[in-house]
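Chemist: Here it is, the structure in full.
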Amino acid sequence: MADELFAVRWVGADEEGGPAVRLLDQTALPGRSEVLDCADVATLAEAIRSLRVRGAPALGVAGAYGVVLGALVDGDADKAAAFLSAQRPTAVNLSWACRLVAAAGADVDAQLAEARRIDAANSAACTAMGRHGADWLRERCGGGPLRLQTHCNTGMLACQGIGTAFGVAHTVHDDGRLAQLWVDETRPLLQGARLTAFEAATLGMPHAVVPDAAAAALMSAGDVDAVVVGADRIAANGDTANKIGTLTLAVVAARYGVPFLVVAPVSTIDFATSTGADIEIEERDPDEVRTALGALRLAPDSSPAHNPAFDVTPAELITAIVTELGVVEPPYATGIAGLR
Ligand code: MRU
């Protein structure tokens with residue numbers, strides 16, 4: 001049983017169960033709080049693939065410690081980096097962090113120091129993004145109470161720190177201005193209903209879980225002041241890959257004139273990818289769509305299902321991108337280049 005909310009921890013060789021990458025198994029939440037110690041790279045890879053740990057920044061931290069584990073257990077950091085990076089192709093933080101740690105030197109101590117640096121930098125970036133986002137919302141939407149809508153899970157479980165988009169809502173809440181957080185349930189794996197609602201409830205934030213399909217009804221009724229979402233990869237022109245359904249929210253937000261904010265650390269920007277068309281979209285098991293979390297069959301076995309994990313929101317639908325270094329507004333190509 002976990003006594004605190006976290007995504008990833010390093011367990012050193014001198015600690016009980018170490019060396020290992022410790023995860024809070026997110027597939028068990030919110031019903032059970034279970035810790036999983038991954039003592040080898042294959043176990044960690046399975047955990048990444050099956051979303052026991054997930055969310056772009058947390059995947060980066062898991063990958064970073066996983067490379068250290070590979071160096072310690074198998075004596076091969078590069079092999080671990082390549083193997084772990086391949087588990088979730090869209091979330092660029094994973095391959096970015098694996099690459100950085102593997103390149104930190106042949107010395108495992110140097111690699112561990114780099115992994116710890118990435119971990120700490122993630123948390124610090126979340127705090128900064130939360131402040132920048134909350135200040136931007138005050139400027140653009142006024143100083144009154146705010147009703148925000150969010151998608152998927154971008155909180156502590158996805159990031160280690162207070163979160164990206166969720167961190168903005170958290171900061172607005174700390175400022176005493178959060179009137180409502182509309183939490184999209186986020187089909188098919190329900191990261192919103194299971195994880196974001198769990199975090200919001202734990203923090204005492206006013207929130208309500210809504211079906212993904214409720215976005216247009218909420219926005220047309222004037223019940224949303226801004227949409228805040230995270231990102232798995234941002235191309236150099238601002239096109240943004242995020243959890244499937246994000247594009248629908250962006251289209252609806254544009255239709256009803258609701259500001260649409262992407263909140264992500266600079267490590268989620270893939271400067272080498274020029275547009276969203278070049279972002280690889282992870283295709284997942286059709287049974288995630290055909291069943292309710294594997295427990296209940298929703299569609300016949302014989303019906304094919306298409307299960308893209310992410311979609312790409314074109315830059316033109318994004319009002320602003322909030323990073324730890326500040327808020328970027330269109331034209332994104334110039335603003336993003338300035339973050340390099
Ligand atoms: O498939 P997941 O649960 O890893 O998808 C997560 C998301 O899409 C998040 O919005 C994104 O990683 C940003 S997390 C701060």
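Chemist: With unit charges on the beta carbons (Lys and Arg positive, Asp and Glu negative) and the dipole taken about the Cα centre of the chain, which residue among Cys141, Ala221, Ile234 sits farthest to the positive side?
Modeler: The one lying farthest along the dipole's positive direction is Ala221.
Chemist: Explain nothing, just the number: dipole magnitude of region 249-340 about its Cα centre with +1 on each Lys and Arg Cβ and -1 on each Asp and Glu Cβ, in debye rounded to the nearest 20. Before the final figure, lay out the partial values.
Modeler: Numbers: 5 positive and 13 negative charges, 62 e Å.
With only Lys, Arg, Asp and Glu charged at Cβ, the dipole is about 300 debye.
Chemist: Right, another one. In whole angstrom, note down how far apart the Cα centers of region 122-185 and region 297-331 are.
Modeler: Each part reduced to its Cα centre gives a spacing of 18 Å.
Chemist: For region 78-209, place one equal point scatterer on every Cα, skip the solvent, and apply the Debye formula. What is log10 of I(q)/I(0) at q = 0.16, 0.18 Å⁻¹?
Modeler: Debye curve over Cα of region 78-209, log10 I(q)/I(0) at q = 0.16, 0.18 Å⁻¹: -0.85, -0.97.
Chemist: Mind pulling the angle between the C-alpha long axis of helix 56-74 and the longest principal axis of the chain? Nearest 10 degrees, somewhere in 0 to 90.
Modeler: The answer is roughly 0 degrees.
Chemist: From the C-alpha coordinates alone, can you work out the Kirkwood hydrodynamic radius of region 2-121, in Å?
Modeler: On the way: mean 1/r = 0.0730 Å⁻¹.
When all Cα pairs of region 2-121 are included, the Kirkwood radius is 13.7 Å.
Chemist: By accessible area of protein heavy atoms, probe 1.4 Å, what ranking do Thr127, Thr275 get, highest first?
Modeler: Result of the area sort, largest leading: Thr127, Thr275.
Chemist: Just reorder Trp96, Trp136, Trp182 by solvent-accessible area, largest first, 1.4 Å probe, all chains present. Mind showing how you got there, number by number?
Modeler: Numbers: Trp96 75, Trp136 15, Trp182 45 Å².
Accessible-area ranking of Trp96, Trp136, Trp182, largest first: Trp96, Trp182, Trp136.
Chemist: What order do you get for 317-326, 49-58 when each peptide is scored by the mean count of other beta carbon atoms within 10 Å, highest first? Write out the running numbers ahead of the final one.
Modeler: Numbers: 317-326: 21.6, 49-58: 24.9.
Highest mean packing first, the order is 49-58, 317-326.
Chemist: Place +1 on the Cβ of every Lys and Arg and -1 on the Cβ of every Asp and Glu in region 129-337, take the dipole about the Cα centre, and give the residue among Thr196, Phe310, His207 whose Cα lies farthest towards its positive end.
Modeler: Projecting each Cα onto the dipole axis, the largest value belongs to His207.
Chemist: Apply the a/c threshold of 1.5 to the C-alpha gyration tensor of region 200-340 and tell me whether it is rounded, prolate or oblate.
Modeler: Note, shape of region 200-340 comes out oblate.
Chemist: Still on this structure: Once ligands and nucleic acids are excluded and a 1.4 Å probe is used, how much of His207 is accessible, expressed in Å² to the nearest 10?
Modeler: 60
Chemist: Same structure again: Towards the positive end of the charge dipole of region 2-121, with charges on Cβ (+1 Lys, Arg; -1 Asp, Glu), say which of Leu5, Leu59, Gln111 has the farthest Cα.
Modeler: With unit charges placed on the Cβ atoms, the residue in question is Leu59.
Chemist: Can I ask one more? Calculated from DSSP H runs of 4 or more alone, at -39500 (n - 2.57) each and per residue, what is the 222 nm mean residue ellipticity of the chain, nearest 500?
Modeler: Working: 12 runs with 130 residues, N = 340.
My calculation for the chain gives -11500 deg cm²/dmol from helical runs alone.
The values are calculated or read from the model by the stated rules, or taken from the named source; none is laboratory data. Quick caveat, the model's predicted, so the values are computed rather than measured. Using ideal geometry, Cβ is built from the backbone for each residue, glycine included, and neighbour counts are taken over all protein chains shown. To get the accessible areas, we keep the full protein, side chains included, count just its heavy atoms, and leave off ligands, DNA and RNA. Shrake-Rupley method; radii C 1.70, N 1.55, O 1.52, S 1.80 Å.
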